[in-house]
Structure formats: C-alpha cells, structure tokens
Amino acid sequence: DGGITQSPKYLFRKEGQNVTLSCEQNLNHDAMYWYRQDPGQGLRLIYYSQIVNDFQKGDIAEGYSVSREKKESFPLTVTSAQKNPTAFYLCASSRQPDSFTQYFGPGTRLTVL
Amino acid sequence: AQKITQTQPGMFVQEKEAVTLDCTYDTSDQSYGLFWYKQPSSGEMIFLIYQGSYDEQNATEGRYSLNFQKARKSANLVISASQLGDSAMYFCAMRPYNNAGNMLTFGGGTRLMVKP
C-alpha cells in the first residue's frame with residue numbers, strides 16, 4: 001500500500017539529547033514537509049523540501065535540522081537547541097511542489113523529560 | 001501573510017443532523033486554495049476537501065461540502081448526516097497559488113463531537 005510512515009509513534013528523550021524522527025513515503029512524491037502541533041492548536045511548518053538535496057526553512061525552523069538525501073525519506077532532527085521540543089510532529093508530502101493537496105503521515109508524539 | 005480563523009473551539013451535533021464548521025481567512029493574494037482536514041484522536045491528518053479561489057461552484061465530496069463566499073473570505077465546511085465517526089478535530093487551511101513552497105497556513109481547529 002502507498003502511504004507515509006512515521007516512526008516511532010511515541011518517543012521519549014531526556015532534555016539535552018538530540019533525537020531524529022523518521023518520515024518515509026512510497027508515493028513517489030517530490031515534495032515533503034514537517035509540521036509541529038502543540039495541544040489544542042493548528043499545525044506550524046518547520047521545514048519543507050521540494051526536491052532531493054534541497055530544503056527550506058518554514059516558520060519555526062530554529063532548533064531543528066533536516067536532510068533529503070533520498071526522494072522517499074525526509075528525517076527531522078530535534079536538537080538540544082529547541083527550547084520546547086515536546087509536541088506532536090507530522091510529516092506530509094505532495095506529488096509536486098505546486099500540487100495543492102498534501103497527504104500526512106500518522107505523526108510522532110515526542111516527549112522530552 | 002495569510003491568516004486562518006476558526007472561531008468555534010468545540011461543537012456538538014446530533015447524529016444524522018447536518019453541521020457547519022466556520023472558517024474565515026485573510027490574504028492579499030488573488031489566487032489561492034482552501035482546504036479542510038480531519039484529525040481523529042489517532043493524530044493523522046486526513047484530507048477532506050479542496051476549493052480553489054477561482055472555482056465558481058462550491059466543492060463537494062460525499063457528505064462534505066464547502067460553502068465558499070469569496071467576498072466575505074469565508075470557507076465553511078458543511079457535514080451532512082453526521083455520523084459518530086465524524087467526531088474529531090477539523091482544520092481549515094489555505095495556500096496561495098504563487099507560493100512555490102506549497103506552504104499551508106492552518107487555523108486553530110474546531111473539535112466536533114457527534115452525539116448518539
């Protein structure tokens with residue numbers, strides 16, 4: 001089945017540790033995105049990538065880093081510089097950068113202790 | 001910059017009745033797309049419906065329809081014949097056509113609860 005997978009679903013880390021969230025898609029989509037969602041709020045864009053080996057900062061990129069070495073993979077690293085990393089993280093993709101519809105993965109809930 | 005406002009933090013609806021979820025937006029762009037997503041308790045965002053700013057007819061997808069009033073900058077979601085499985089968070093979002101990064105701006109969401 002085609003889709004977007006994110007792993008793990010729940011992640012716990014100690015304060016000060018870097019952590020990498022996985023996002024893989026087999027939809028052959030060119031563009032991929034990372035969003036952050038805090039309780040009771042909408043989504044905010046962290047980073048996006050329109051093609052392999054290229055990515056751009058979104059609205060809240062500070063404290064995060066990404067890579068796009070393969071079309072199907074777009075991992076997000078939450079660094080120790082991120083002040084409030086506890087949140088729900090959603091990955092999305094779209095067929096092309098100018099395609100309107102983004103499709104989302106199931107999300108990873110990160111809790112920093 | 002774009003802004004999406006959803007003024008209803010939570011709503012109740014009786015099963016089998018219709019419900020309207022409000023969404024207003026603010027943008028200086030002339031061409032844009034409007035979206036609605038459903039987020040059940042599992043967390044995944046499910047795409048429901050899309051409306052282009054130049055579309056003359058309101059979009060419909062099964063039990064979902066979008067009441068688009070461009071002059072009022074509103075894009076309300078109408079769910080007909082509510083089902084218990086419709087209980088979820090609903091988010092309105094928009095994106096300008098000229099935004100090469102395809103960046104969506106989301107509203108704060110409305111929690112819909114369907115009563116049996």
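Identification of strands (runs of 3 or more DSSP E) wholly contained in chain B with 1 or more residues that are in contact with a Cys (Cβ under 7 Å, 6 or more places away or on another chain), touching a residue at least 12 places away in the same chain (Cβ under 8 Å) and closer than 21 Å to A:ARG95 by Cα yields B:32-39, B:88-96. Here B:VAL114 passes the criteria (1) surrounded by 20 or more Cβ atoms within 10 Å (Cβ to Cβ); (2) under 13 Å from the mean Cα position of the chain (by Cα) except the one numbered (2).
Filtering the stretch A:1-57 to residues that are free of Cβ contacts under 8 Å to residues at least 60 places away in the same chain, small (Gly, Ala, Ser) and farther than 16 Å from A:THR77 by Cβ leaves A:GLY2, A:GLY40, A:GLY42.
Apart from one condition, B:GLY43 fits all of (1) within 11 Å of chain A (Cβ to nearest Cβ); (2) farther than 27 Å from A:ASP38 by Cβ; the exception is (2). Evaluating A:PRO97 against the criteria (1) at pLDDT below 95; (2) over 23 Å from B:ILE4 (Cβ atoms); (3) surrounded by 14 or more Cβ atoms within 10 Å (Cβ to Cβ) leaves one unmet condition, (2). Taken residue by residue, the stretch A:69-76 has no member that is under 11 Å from A:ARG36 (Cβ atoms), within 14 Å of chain B (Cβ to nearest Cβ) and at pLDDT 90 or above.
Taking the stretch A:13-35 as the range and being within 15 Å of A:ASN84 (Cα to Cα), more than 11 Å from chain B (Cβ to nearest Cβ) and surrounded by 16 or more Cβ atoms within 10 Å (Cβ to Cβ) as the test, the residues that pass are A:ARG13, A:VAL19. Quickly run through the stretch A:45-54 and pick out the residues that are more than 11 Å from the chain's Cα centre (by Cα), of a type outside the set (S, T, N, Q) and at the interface with chain B (Cβ under 8 Å from one of its Cβ atoms). Scanning the stretch A:45-54 gives no hits. Annotation: of all residues in the stretch B:46-99 being under 29 Å from A:SER7 (Cα atoms) and of a type in the set (Ser, Thr, Tyr), the one that is farthest from the other protein chains (Cβ to nearest Cβ) is B:SER87. Summed over the stretch A:81-103, residues that are in contact with an Asp or Glu (Cβ under 8 Å, 6 or more places away or on another chain) and more than 14 Å from chain B (Cβ to nearest Cβ) total 2.
The values are calculated or read from the model by the stated rules, or taken from the named source; none is laboratory data. Nothing here was measured: the structure is a model prediction, and the numbers come from that model. Note that we place each Cβ from the backbone using ideal geometry, even for glycine, and neighbour counts take in every protein chain shown.
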